Ligand SMILES: C[S@@+](CC[C@H](N)C(=O)[O-])C[C@H]1O[C@@H](n2cnc3c(N)ncnc32)[C@H](O)[C@@H]1O
């Protein structure tokens, strides 16, 4: 993995971040007062917001769990937000300890914080890119390095056999 900075450039507590607001709505701990303030507006004005966020995360858990059980061991999560509150690597590893995940987000603060959170995890990488540019993501050196199969194409999900299937 390259450029795994551990310098936390995201520690700006004066501006809310949608990823941290989302973490708050999910009941996570990776958020600041400025994020909770926005989250509380969501909760007040759109009382279903936490339930929607949780339902969304439950869908992610079901989908990643099903793919991991089916032998998929490489994942690219685009528009990932923070890798917290049961995100892709945590779910996939419950089924396959070798699972590798590339998290992609365009927000530099989210990328910096994610790299800090995952600094000790050498089977994840965090890429700063726009999900509307899938080729840029595919060609990113971290993703190329990550995808050991080096198959052509801008796939969003990478499949390789689980160890038991090789
Ligand atoms: C609500 S959060 C995380 C959602 C998470 N994927 C989930 O399903 O639980 C959405 C994230 O998408 C990111 N995002 C929004 N537009 C994006 C884009 N065009 N390219 C990459 N990331 C984007 C934001 O920065 C934010 O961190």
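FYI, it's all coordinate maths here, none of it is from the lab. Predicted, not measured: the structure shown is a model, and the values here were computed from it. Cβ sites come from the backbone with ideal geometry, for glycine too, and all protein chains shown count toward neighbours.
Values as computed for the structure displayed
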item	result
Mean Cβ count within 10 Å, highest first, over the residues of peptides 89-98, 122-131	122-131, 89-98
Residue 106 versus residue 132: modelled label distance in nm, points set 7 Å from Cα along the beta carbon direction	0.5
Cα→Cβ-extended label distance, 7 Å offset, between residue 139 and residue 29, nm	4.2
Hull volume in cubic angstrom per residue (convex hull over the Cα atoms of the stretch 18-165)	107
Per-pair calculated FRET efficiency, R0 = 22 Å: residue 63 and residue 119 via Cβ, rounded to 0.05	0.25
For the stretch 67-132, the fraction of alpha-carbon pairs in successive 10 Å shells from zero, as %	24, 54, 21, 1
